[in-house]
Amino acid sequence: MSPVKPGYTRPLDLRHGRIDMSHGSGGRSMVQLIEQIFLSAFDNPALAARDDHAVLTTPPELALGGQLVMATDSHVVSPLFFPGGDIGCLSVHGTVNDVAMAGARPLWLSAGFILEEGFPLADLQRIVTSMARAAADAGVPIVTGDTKVVQAGKGDGVFINTTGVGVTRPGVHLSGSLARPGDAILVSGTMGDHGVAVMSVREGLSFGTTLLSDTQSLHTLVAAMLDAVPGIHVLRDPTRGGLGATLNEIASQSGVGMRLSESAIPVRGEVRAACELLGLDPLYVANEGKLLAICPADQADALLAAMRAHPQGRDAARIGSVVDDPNRFVQMTTALGGQRMVDWLSGEQLPRIC
């Protein structure tokens with residue numbers, strides 16, 4: 001038998017191994033986990049320094065009047081893997097999009113992992129690889145992070161928190177408080193894809209076709225939109241609570257009402273059918289790769305054209321308008337010509353969806 005080399009550490013068993021409490025202890029096992037799974041996937045100069053912080057370069061936009069933007073999001077989706085994505089890429093896309101909705105260019109991400117004792121290392125590696133691919137595709141590196149381990153039964157496999165930092169263009173200011181009566185409301189594509197994709201796996205349902213999550217980073221679409229219409233008032237990604245909750249948030253922030261046309265809101269036929277089967281309203285189903293925009297009505301055609309010219313906005317539509325309403329109601333004309341309230345979501349329609 002060959003003698004064991006001094007300082008030798010057995011590599012992680014990435015096929016059959018599982019997280020144990022030593023992986024969060026601060027000792028050799030934790031260093032091994034970080035090196036073999038996280039550092040190897042997220043490799044970049046900031047991480048390679050192996051400090052508890054990242055040293056960042058000042059973006060040139062700041063010298064021209066741009067502003068820093070920071071957003072954070074925690075991801076607890078169940079199941080962890082779903083058609084079209086997983087918790088890994090979702091955690092990157094969600095935070096990149098939160099930064100982008102400020103009209104900002106995303107620059108850096110941090111990632112924090114809460115791992116449950118017993119979680120398979122193979123699944124963790126799959127999630128981290130997906131995160132690394134999503135970050136590389138977006139051009140937004142993960143420059144710092146943290147890992148904690150909790151006892152079996154005290155978590156749910158893995159939770160991920162990501163924080164993003166970006167910088168706005170000089171002169172760009174977007175906020176949910178800036179919607180004005182007369183503004184047009186647009187969406188970049190079909191509603192409800194992500195939520196129904198997750199539910200189809202969770203409930204073991206088949207709808208005769210594969211429903212895929214729309215999870216994706218939207219900052220290049222936002223950049224194209226701002227190139228065409230710098231005077232956009234509001235951008236928002238309708239994630240948890242869907243389009244209905246997001247519009248109510250904006251109406252409340254801006255002190256306005258909204259009028260929608262149901263027939264103008266794009267919803268895939270299979271999503272609509274799934275919602276009918278499950279007793280859901282697609283207006284309240286989560287999206288992870290769509291946005292809504294509010295802009296002056298006389299610029300809506302130019303904005304819609306710019307959105308449709310981008311691959312992520314080919315199904316974009318103008319769905320309604322902002323109105324003067326002290327009650328801040330969101331109302332919709334139905335496909336049959338009636339009127340209905342699109343109120344705040346009551347209770348929890350879809351648990352653990354993002």
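The values are calculated or read from the model by the stated rules, or taken from the named source; none is laboratory data. Note that the structure is a prediction, hence the values are computed from the model and not measured. Cβ coordinates were reconstructed from backbone atoms using ideal geometry, including for glycine residues, and neighbour counts include every protein chain displayed. For accessibility, only protein heavy atoms count, side chains too; no ligands or nucleic acids. Shrake-Rupley method; radii C 1.70, N 1.55, O 1.52, S 1.80 Å.
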Looking only at THR72, THR210, THR147, which one moves most when the chain is put into a Gaussian network model with springs between Cα atoms under 10 Å? THR210
Can you run phi through the Karplus equation (6.51, -1.76, 1.60; θ = phi - 60°) for the range 155-163 and list ³J(HN,Hα) in whole Hz, with x for Gly and Pro? x, 8, x, 8, 10, 10, 10, 10, 10
Karplus (6.51, -1.76, 1.60) ³J(HN,Hα), θ = phi - 60°, over the range 289-304, in Hz, Gly and Pro reported as x: x, 10, 9, 10, 10, 10, 9, x, 4, 6, 10, 5, 5, 5, 5, 4
About its Cα centre, what dipole magnitude does the range 1-156 give when the only charges are +1 on Lys and Arg Cβ and -1 on Asp and Glu Cβ, stated in debye to the nearest 20? 420
With a probe of 1.4 Å, find how much accessible area the chain has per residue, and write the answer as a whole number in Å². 45
May I ask which residue of ALA179, ALA274, MET70 lies farthest towards the positive end of the charge dipole of the chain, with charges of +1 (Lys, Arg) and -1 (Asp, Glu) on Cβ and the Cα centre as origin? MET70
If you place +1 on the Cβ of every Lys and Arg and -1 on the Cβ of every Asp and Glu, how big does the dipole about the Cα centre of the chain come out, in debye to the nearest 20? 420
For the chain, the longest stretch holding no chymotrypsin sites (Phe, Trp or Tyr not before Pro) located in a DSSP loop with at most 16 other Cβ atoms within 10 Å is which? 9-206
Relative contact order of the range 184-341 (C-alpha contacts under 8 Å, at least 6 apart) in percent is 43
Inter-label distance, nm, simple model (7 Å from Cα along the C-beta direction), ARG180/LYS148: 4.5
Take ASP156, project a point 7 Å from its Cα along the Cβ direction, then tell me which residues of the range 171-207 have their backbone nitrogen under 20 Å from it. 193-205
If I compute Cα extents along the principal axes in Å from the structure I just sent, which labelled value in [x] 70, 65, 37; [y] 78, 50, 36; [z] 82, 53, 33 lines up? [z]
Tell me the mean residue ellipticity at 222 nm calculated for the chain from its helices only (DSSP H runs of n ≥ 4, each -39500 (n - 2.57), averaged over every residue, nearest 500). -8000 deg cm²/dmol
Can you work out the FRET efficiency for the pair MET70 and ARG126, with r the C-beta to C-beta distance and R0 = 35 Å, to the nearest 0.05? 0.75
Which is the longest part of the chain that has none of the GluC sites (Glu not before Pro) sitting in a DSSP loop with at most 14 other Cβ atoms within 10 Å? 1-202
Expressed as a percent, the accessible surface of the chain that is carbon or sulfur, using a 1.4 Å probe and the full set of protein chains, is 51
Report the calculated FRET efficiency for ASP52 and ALA302 (r = Cβ-Cβ distance, R0 = 56 Å), to the nearest 0.05. 0.75
Quick one: among GLY157, GLY241, GLY204, which has the greatest mean-square fluctuation in a GNM of the chain with alpha-carbon springs under 10 angstrom? GLY204
Pick from ASN248, ASN44, ASN97: which is most flexible by mean-square fluctuation in a GNM of the chain where alpha carbon atoms under 10 Å apart are linked? ASN44
Tell me, in nm to one decimal, what length is gained between GLN339 and LEU39 on full extension, where the rule is 0.36 nm per residue of separation less the Cα-Cα distance? 102.6 nm
I need to check one value: relative contact order of the range 46-197, counting alpha carbon pairs closer than 8 Å and at least 6 residues apart, in percent. 37
Any idea which of SER217, GLY337, ASN287 is furthest toward the positive side of the dipole for the chain, if Lys and Arg beta-carbons carry +1 and Asp and Glu beta-carbons -1? SER217
Any idea what the relative contact order of the chain is, in percent, if you count C-alpha pairs under 8 Å spaced at least 6 apart? 21
Assuming R0 = 35 Å, what is the FRET efficiency of GLU203 and ALA136, from their Cβ-Cβ distance, to the nearest 0.05? 0.60
